[in-house]
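The values are calculated or read from the model by the stated rules, or taken from the named source; none is laboratory data. What you are looking at is a predicted structure, and each value in this text was computed from that prediction instead of being measured. Neighbour counts run over all protein chains shown; Cβ positions are idealised from the backbone, glycine included. For the accessible areas, the whole protein counts, side chains as well, though only heavy atoms, and no ligand, DNA or RNA atoms are used. Shrake-Rupley method; radii C 1.70, N 1.55, O 1.52, S 1.80 Å.
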Amino acid sequence: MAIKHSTGRFQVCRNKTGIAKSTEILLTGDKKEIDKFWNELIREKDFTYYMTEEVFYSGTQKDAFGMPIDSTPEFQRL
């Protein structure tokens, strides 16, 4: 069974729906810093704003000795 682990890194991002490669990362930091930025963020109406969390999984695969292999960390949208 896979186990989800958080690295403690978060991001605030924005993009324009339907526009390719329009995603911008506005800030990367810890949860407290991101929450403060999110609450003070002035939003433009043309953009969609969202937060992401960096996670990795263990237990989805095993190496030759039967030990779990961790996945590469990736950002998941909250």
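Of note:
- 2 or more residues open to solvent by less than 40 Å² (accessible area, probe 1.4 Å), modelled with pLDDT of 95 or more and not hydroxyl-bearing (S, T, Y): qualifying strands (runs of 3 or more DSSP E) within region 1-75: 3-15, 48-62
- Among the residues of region 45-65, those that are farther than 12 Å from C13 by Cβ and touching a residue at least 24 places away in the same chain (Cβ under 8 Å) comprise D46, E54, V55, F56, Y57, S58, G59, T60.
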